[in-house]
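Accompanying notes for the structure given below.
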Amino acid sequence: MLDLRQYSSLGAALRDALERWPNETCLIEADRDREKVRLTYSDFREMAGPLCRALEDAEFVPGDRAAIIMTNQSKWLISAYSIFFCGGVLVPLDYKLTAAEHLQLLAHSKARFLVVEYYLWRAITQSPEFAKLTTEIVLVTEAPVGADLRGAYRWEEFRRKGEPKLVAREREDTACIVYSSGTGGRPKGCVLTHDNYLEQCRALTEWYPFWPGVRYLSILPTNHAIDFMVGFIGPFVCGACVVHLRTLRPEFVRDAFVRYRITYVSLVPMVLKNLERGLRAKFDELPRGKRFVLDRLIAINKLLTRRRPHVGFSRRLLPQVHKAFGGELRALIVGGAFTDPATMQFFYDLGVPVACGYGLTEACTAVTLNDLKPFRADTVGKPLPGSEVRILNPAGDGIGEVAVRSRAVMSHYLDDADLTVKTIVEGWLHTGDLGRFDGVGHLQLFGRKKNMIVTEGGKNIYPEDVEMVFDGLPVKEYCIFAANYIWPQKSLGEEMLVLVVRLEQGQQFSDALATEISARNLKLADYKRVGGHLVWEKDFPRTASMKIKRGELGEEIGRGVRRESVVEI
Amino acid sequence: MPTTDNTLDEILSLAAVHFKVPREKLTPDGDFFKALGIDSLQALDLLTRLEHHFRIELPDYELQGVTDFRTLAQRIQARL
């Protein structure tokens, strides 16, 4: 891999990567069973050069912000590379947000440029808020012939001849603004520097190296912190290959493992669980004799991989299982949300190591990771090289708030000095997560101090972000909480949002009100929906400026009623 | 060509059989995630079944933001 200590920016490191491995394949893009794109590093350079030149001609200046809203595909990475090459700041946005949310974050980030897929651009232009778009230059990919692009350019035609010139950036300059959440009242844009990414990449590849020939299957959205690092920066600075799928249908994902002999893949717990379900169903279909043999072989594998994985041995012992994963899989990387230890153990026992970690956007990608020496399903691993992790104010059982200090911790929240001061205290990032260290330096997590949930799909959902959909609900007042915030469980999982309503005097909780709540809930994206409601009999405590004192109210409710009182919506 | 109502009816029947849910419990405007008890990955699986049934190809993004059967039927109808 490149020696990243020698580089001051992602643009410079990526530029050298393209020159270092000209003949290695860096990118494959497939749609179902059709391969659409296959690029060597040299091809990638030829594709990106004209875009860089066109950006130069469009007076793209160092520090200009450029957003990307796209599903995983080759043009995502080519655009991101070009933005870094020209000294820009990348704003990767979640393509699953609504058009209104995209517009809100484009305005908040003050992005001058936008690269967007046609179907997403169409939704943005149809939004009632479209007139508020402040982005100056929009590049749209894959637009049909004759489509009205509302002033945008076709990405495929936004090209100029000539050799572009790399714009130098310093380590402390901003590389990306990544929104960890917050499309409601208060967007949280994490400002991450080139130093953050380069150091994080060094730490991660020290434990999980890439090299030419490695094929990484990119399933998580590339705007997600994990995929951006291990599905773009990491493989590229090591000469490895990224495989993009334009569909995430389980059958095509399974097919891609075999077709491209995948080496690594990152997954959120929901996808891992889905893979487990599929495998278990296949095992259950086996005739009794074959099932007996399989169970014995798994038991032998489990015994012999107790101390550390022996992937080669496991492949020989359980060839059919490993063949289903392409035969060259070295590890499944899991993060982004709570992962059921039983699921991880299931895969490990089959000889497929699971690298479970813990991280947050504010710390670039990962803070801790399982080093597989030995595999532990009950922890989120050890601090990565260069990361200091400590437990703040531990209780008698050793559990306290997890704090992190490292060169991967973000610079600040964009335009939110108050939140930054509360979150980064004397260089330590206060994560809001509760944890403790076991005797051998592994971190165990026990829930959250903060009022939020993380879905199985790895999405952070803050109550404030979904409350507006209930504006005007015919009740005296309402508030949304994460259930585990009101009733701390000292464990992860079973996360849900709860709508707490205070009724008007004499008002009953009618069927009509229940219907209204359900109808409004349906307006939210499926992963953002509130799971239950609760009627609270007292007025909400409020500040002098009439803001709800959420902490105080949450404590009151936690003391006053049990979690079982929540009625499912 | 079938009408949108025919398409909707076929989707409801197919979903009921595939996910083993009584047909009468599924309504055109109901949230199919909830009614079928499925997550977003299983919803993609439903999309595959529908593609085979209607002999069309639906990109994943056609399902983005769609949670009710009626809208799904409209998306499919547009490609028949």
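Please treat every number below as a calculation from the coordinates, not as lab data. The structure displayed is predicted, hence computed values, not measured ones. All Cβ positions, even for glycine, are placed from backbone atoms using ideal geometry, and neighbour counts span all protein chains on display.
In a fully extended conformation the segment linking A:R280 and A:L304 would gain 6.4 nm over its present Cα-Cα distance, using 0.36 nm per residue.
Loop-located GluC sites (Glu not before Pro) across the stretch B:25-75 with a Cβ neighbour count of 11 or fewer within 10 Å are B:E57, with loop assigned by DSSP.
Taken about its Cα centre, the stretch A:231-318 carries a charge dipole of about 340 debye when Lys and Arg each add +1 at the Cβ and Asp and Glu each add -1 at the Cβ. Working note: Debye formula, equal point scatterers on the alpha-carbon atoms of the stretch A:462-568, no solvent; log10 I(q)/I(0) at q = 0.10 Å⁻¹ is -0.26. Ordered by the number of other Cβ atoms lying within 10 Å of each residue's own Cβ, fewest first, A:L192, B:L14 fall into the sequence B:L14, A:L192.
Taking θ as phi - 60° and the Karplus parameters 6.51, -1.76 and 1.60, the scalar couplings of the stretch A:221-231 work out to x, 5, 5, 6, 3, 5, 5, 4, 7, 8, x Hz in sequence order, x denoting glycine and proline.
Charge dipole of chain B (Cα centre as origin; +1 on each Lys and Arg Cβ, -1 on each Asp and Glu Cβ, all else neutral): 160 debye, rounded to the nearest 20.
When peptides A:274-280, A:364-370 are ranked by their average number of other Cβ atoms within 10 Å per residue, the highest-first order is A:364-370, A:274-280.
Assign one of three labels to the stretch A:339-448, namely rounded, prolate or oblate, based on the Cα gyration tensor with a ≥ b ≥ c the square roots of its eigenvalues; rounded applies when a/c is under 1.5, prolate when it is not and a/b is larger than b/c, and oblate otherwise. Since a/c reaches 1.5 and a/b is larger than b/c, the shape of the stretch A:339-448 is classed as prolate. When both bridge partners sit in the stretch A:4-259, DSSP labels roughly 35% of those beta bridges antiparallel.
Each of A:V167, A:V89 has some number of other Cβ atoms within 10 Å of its Cβ, and from fewest to most they run A:V167, A:V89. When +1 charges are put on Lys and Arg Cβ atoms and -1 charges on Asp and Glu Cβ atoms, the dipole computed for chain A relative to its Cα centre reaches about 1720 debye. Sparsely packed loop sites in the stretch A:417-486 (the GluC sites (Glu not before Pro) outside DSSP H, G, I, E and B with at most 11 other Cβ atoms within 10 Å) comprise A:E426. Counted by neighbouring Cβ atoms within 10 Å, the residues A:R562, A:R160, A:R448, B:R75 run from fewest to most as A:R562, A:R160, B:R75, A:R448.
Listed cross-link partners A:K450/B:K20; A:K188/A:K523; A:K449/A:K528; A:K132/A:K547; A:K36/A:K290 are compared with a 30 Å cut-off, the Cα-Cα value being larger for A:K450/B:K20; A:K36/A:K290.
How would the stretch B:4-77 be classified by its alpha-carbon gyration tensor: rounded, prolate or oblate, with rounded meaning a/c under 1.5 and the a/b versus b/c comparison settling the rest? Note, shape of the stretch B:4-77 comes out rounded. Taking a ≥ b ≥ c as the square roots of the Cα gyration tensor eigenvalues, with a/c under 1.5 meaning rounded and otherwise prolate when a/b beats b/c, else oblate, which class fits the protein assembly as shown? Rounded is the answer for the protein assembly as shown, as its axis ratio a/c remains below 1.5. Computed extension length for A:R259-A:K523: 91.1 nm, one decimal, from 0.36 nm per residue of separation with the Cα-Cα distance subtracted. Beta bridges per DSSP, both residues in the protein assembly as shown: antiparallel share near 55 percent.
Farthest towards the positive end of the charge dipole of the protein assembly as shown, among the residues A:Y462, A:A514, A:N196, is the Cα of A:N196, using unit charges on the Cβ of Lys, Arg, Asp and Glu. Under the combined filter of DSSP loop state and at most 13 neighbouring Cβ atoms within 10 Å, the stretch A:153-240 retains these GluC sites (Glu not before Pro): A:E170, A:E172. Shown is the FRET efficiency for A:V61 and B:D60, computed with R0 = 35 Å from the Cβ-Cβ distance and rounded to the nearest 0.05: 0.45.
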